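The block underneath contains the structure these notes are about, expressed in structure tokens.
No value in this document is a laboratory result; all are computed from the given coordinates. Every value quoted in this text rests on a predicted model; they were computed, and no experiment measured them. Here the Cβ positions follow ideal geometry from the backbone for every residue, glycine too, while neighbour counts run over all protein chains shown.
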Amino acid sequence: MPKDTGIGASPKRREDVRFLTGKGRYTDDINVAGQAHVAFLRSDVAHGTINGIDTSAAEAMEGVVRVFTAKDFEGVGGIPCGWQITDRQGNPMQEPKHPVLAEGKVRHVGDPIAAVVAESAAIARDACEAIEVDISDLPAVIDMKKALADGAPKVHDDLTSNLCYDWGFVEENREAVDKAIAEAAHVTTLELVNNRLVANPMEPRVAVGDYAAHDDSSTLYTTSQNPHVIRLLMGAFVLGIPEHKLRVVAPDVGGGFGTKIFHYAEEAFCTFAAKACERPVKWTASRSEAFMSDAHGRDHVTKIELALDADNNFTAIRTETHANMGAYLSTFAPSVPTWLHGTLMAGNYKTPLIYVNVKAVFTNTVPVDAYRGAGRPEATFQLERVIDKAARELGVDPVDLRRQNFVTEFPYATPVAVEYDTGDYGATMDRLLEMIDRDGFEARRKESESRGKLRGLGLNCYIEACGIAPSSLVGQLGARAGLYESATVRVNATGGLVVMTGSHSHGQGHETSFAQVVADMIGIDENQVEIVHGDTANTPMGMGTYGSRSLAVGGSAMVRATEKIIAKAKKIAAHIMEAAEGDIELKDGQFTVAGTDKSMAWGDVTLAAYVPHNYPLEEIEPGLEETAFYDPNNFTYPAGAYACEVEVDPETGRVEVLSFAAADDFGNVVNPMIVEGQVHGGLAQGIGQALFENCAYDEEGQLLSASYMDYSMPRSSDLPMFQVDHSCQTPCTHNPLGVKGCGEAGAIGSPPAIVNGVIDALASAGHDVGHIDMPLTPAKVWAAMQG
Amino acid sequence: MAKVTMTVNGKTRTAEAEGRTLLVEWLREGLRLTGTHVGCDTSQCGACVVHVDGEAVKACTALAQELDGAEVTTIEGMANADGSLGVVQQAFQDYHGLQCGFCTPGMVMSAAALLKENPKPTEAEVRHYLEGNICRCTGYHNIVKAVMAASGQDVAPVAAE
């Protein structure tokens, strides 16, 4: 029986009412009295030397408050990077400065050169056009391999080359891997591109800076997934504002998908300019501006080799990846192709030897950083594609080849530094096969053929590392931050609770699901629990939401804090009911004394905590408020098996997705409705990557896909209804809820299924196509069919 | 600048507009009706859909001055008289047809316009009609279900799971 309330139920989302009635409060809905507006003048060339900037005409325009250039930011820090990678020789990565406004050079189309603060956004934009910038074009480097060639133009003149780092993992395994590949019975090799994407949350980024002279404090309203991280990075590294004088508010945020994790120059600018201009300043990105300033995602070029023995057991994997960093290092950029990618190269399989090499490269493009999945989609795509190719080369069933190599015993220590605590990959594969009627595929294929279409079945597995992350581990790996999460549970006198969480909800429904957990623990109505997030002024220091971490890490902190609350409340109840503390039980919001008929309601105990007339003051303080910080001791490892059926039109190369099925193991599930919605959205983004989306630059570094006219977002008519299932549940062994995280799975698991399916469709007509790079546009698929 | 007057959600409202002021800017900045959102600058995303004289219109495609005297309904005008959610709004909540909520106002306004034209749309008709509204969160699955449910149809057969 589905539950009606608490953990495992699917109550309607409480946040929906405000979103459905136009009462949401997104950053662009915030207007501070007296505010001015900001527009940025951005570079229209990919690489150039700034010879001079003449702002006089702009400054003379009516309504212009002030024009800023890099010289106004002398003494101000650069935008910091939060992760330092150590290369194969043990040296730190090359880390260039990232100024708030371009200094001396522009390094990508969209690099901000100057900013106008004006009475209206329209005046600010007009004034930007009146700024005269004298730029000498320099040759740009866009292609990563060309960027590493001898004599290539350097993105940063003060670095030795465009190589950020050359990382080997696990370096000690390299010779053994080489040997295993040389001696293998069969080696399948695949070269592929993981296409550059733009995250495209529907809400463009916005920043509103406000400065209060009376107490010398600054407030930034911003579209962020992690307001505390922005406060720390911007306050400590860029502007030199102590955290107690800086408040960062991320109110309703219209989607993030990773690209709203990072600290951006516009945030620092608005905070700085509000003080400099002595009035609030607001910047709202246009979509075109978002395309050239939001951190992009993916953009890997990879060669992978999979070695198998004569019995088709995987014996070794070797990969070489070039990873695009863009022109500057975004907040977490260096970690994505390394620790979020290399550590997942074992996938669901017991391959004993793995070596991953990653060369991170600076180019004259927008910075690249984490996008939904971040490193794990790149790992999954190459692995699941090369396995499918191997199955085709060996003439074996792709399901059987996977099954034979599955990890089946847990915990399992991979050769790439992580330990899977639990899982059951056979179970999710079994579930998937039940869902897709594989036996009926040949009949469906014939039916498609009767209509002149080619039908393919593509499937794959995936695993991801979520619940990011154990601080001690990531500290050893180069993280400059801890990755715990926090929660404060404040119980009010009349029994209602306010949970203040460091996690941030930007579509995930935390206000509903987090309340389910706390209400379930106490046994009270969910409506008595309010979830507060997104404001550094009223939440404990937290690391925010990304990496499918909110419930696994933030939820765990909330559970720990609630446990403290319950323990204290039991002490109070024991005193009032004159019973031993150990005899007090809490169920359905009632405290009872075991073996007696004595009881006290939750609200009577909470009232006693704040009206301590009859209260054990000598033993415990009045009040009922507790904080917990939770630092996980491992990642969580959601995993699953995905399949799709596609139909290819041989006349045009157009691919239609007919069905998509996802069998996931997320461990325990708090709100099935929300979990399914997360998977649906991830699938759409993964299918988007596989078939439609591509962030394209020309050779000179012009961004060709800078609007929705050119960047193909998946539309409602492009997608089928999805089959999703999360009935296979191996609970996480190391967090109190047994949850693993579900936010990224769909985006990680779906691209290989689509490509495998199209390759299968083409093979049915005799087209032996080893691989087609994403996105599988009609032109590419048609060309592949022509040989 | 000129004063522009429209009937918005049943009330006469007046605010100033420049010649270049878009309807969506006039609503958001002039009237502080911030439920209507701006998600792009090329009239592609549909976050700003409102009803103008009964028709669904992307409010970034119309100039405020040209709509003097028009009758406009925004997301703020879609609830029932007693404040409860209207049929389409309620279906979006019931079927989890929204996540971050940013595309939602435009989706609801487009869906309401569709159901006015076509009271019992098929799944394919819903998907075709909503092509001009981009959602990045839901993968459209639950939006399609919500729209069909709002039309009074049983959505169990279209729900693949």
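Assorted remarks:
- Label point at A:ASN91 placed 7 Å out along Cα→Cβ; residues across region A:301-335 whose backbone nitrogen lies under 17 Å: none
- The Rg/Rh ratio of the protein assembly as shown, with Rg taken over Cα atoms and Rh as the Kirkwood radius over Cα pairs, comes to 0.97.
- Distance-filtered residues of region A:91-132 - backbone nitrogen under 17 Å, label point 7 angstrom along A:SER56 Cα→Cβ: A:130-132
- Simple Cβ-charge dipole of region A:578-681, Lys/Arg +1 and Asp/Glu -1, about Cα centre, in debye nearest 20: 120
- Each distinct pair of alpha carbons in region B:2-77 adds a 1/r term; the inverse of their mean, the Kirkwood radius, is 11.9 Å.
- Distance cut-off 15 Å, percentage of C-alpha pairs in region A:178-234 lying past it: 73
- Taking 7 Å steps out from each Cα toward its Cβ at A:THR189 and A:ALA567 produces label points 5.9 nm apart.
- The calculated FRET efficiency for the pair A:ALA493 and B:GLU66, based on their C-beta separation and a Förster distance of 45 Å, comes to about 0.20.
- Total formal charge among the other residues, if their Cβ is under 9 angstrom from that of B:PHE102, Lys/Arg +1 and Asp/Glu -1: -1
- Ranked for footprinting exposure by Cβ neighbours inside 10 Å, fewest first, A:ARG715, A:ARG372 give A:ARG715, A:ARG372.
- Inter-probe distance in nm under a simple model that places probes 7 Å from Cα toward Cβ, at B:LYS116 and A:ARG451: 3.4
- Estimated FRET transfer efficiency (A:ALA601, A:LYS3; beta-carbon r; R0 25 Å; 0.05): 0.65
- Near A:VAL532: Cβ cut-off under 12 Å, other residues only, Lys/Arg at +1 and Asp/Glu at -1. The net charge is -2.
- Residue-wise HN-Hα couplings along region A:262-278, as the Karplus relation 6.51 cos²θ - 1.76 cosθ + 1.60 with θ = phi - 60° gives them from phi, are 7, 7, 10, 4, 5, 5, 5, 4, 5, 5, 5, 5, 4, 6, 5, 8, 6 Hz; Gly and Pro carry x.
- Cα centroid of region A:75-120 to Cα centroid of region A:558-574, whole Å: 47
- Counting neighbouring beta carbons within 10 Å and listing from fewest to most, the residues A:GLU171, A:GLU203, B:GLU29 come out as A:GLU171, B:GLU29, A:GLU203.
- Shown for A:SER712, A:SER224, B:SER151: other C-beta atoms within 10 Å of each C-beta, ranked fewest to most, produce the order A:SER712, B:SER151, A:SER224.
- The charge dipole of the protein assembly as shown, taken about its Cα centre with unit charges on the Cβ of Lys, Arg, Asp and Glu (plus for the first two, minus for the last two), comes to roughly 300 debye.
- For a label point 7 Å along the Cα-to-beta-carbon line of A:ARG444, residues of region A:643-658 with backbone N under 20 Å: A:643-650, A:654-658
- Diffusion constant of region A:1-146 at 4 °C, which comes from Stokes-Einstein with the Kirkwood Cα-pair radius and 1.567 mPa s, µm²/s: 67
- Reported value for region B:87-150: 68 Å³ per residue, from the convex hull of its C-alpha atoms.
- Separation between Cα centres of region A:589-663 and region A:444-488, rounded to whole Å: 22
- Charge dipole (region A:484-630, unit charges on Cβ, about Cα centre) - positive-most of A:THR596, A:ASN527, A:LEU607: A:ASN527
- Estimated inter-spin distance, A:GLU434 and A:GLN404, nm [label 7 Å along Cα→Cβ]: 2.6
- For the residues of A:21-30, the average number of beta carbons from a partner chain within 10 Å of their own beta carbon is 6.
- Here r is the Cβ-Cβ distance between A:ALA580 and A:ASN312 and R0 is 51 Å; the resulting FRET efficiency, rounded to 0.05, is 0.20.
- Backbone geometry of region A:621-631 corresponds, through the Karplus equation with coefficients 6.51, -1.76 and 1.60 at θ = phi - 60°, to 3J(HN,Hα) couplings of 6, x, x, 8, 8, 9, 10, 9, 10, 10, 10 Hz, x marking Gly and Pro.
- Extension gain for A:GLN84-A:ASP44 works out to 11.4 nm (0.36 nm per residue, less the C-alpha to C-alpha distance).
- Local electrostatic count, A:THR188, Cβ distance below 11 Å [Lys/Arg +1, Asp/Glu -1]: 0
- Remark: region A:750-756, residue by residue, has Karplus-estimated 3J(HN,Hα) of 8, x, x, 4, 5, 5, 4 Hz, where x stands for each Gly or Pro and the curve is 6.51 cos²θ - 1.76 cosθ + 1.60 at θ = phi - 60°.
- When both region A:750-767 and region A:40-64 are represented by their alpha-carbon centers, they are found 50 Å apart.
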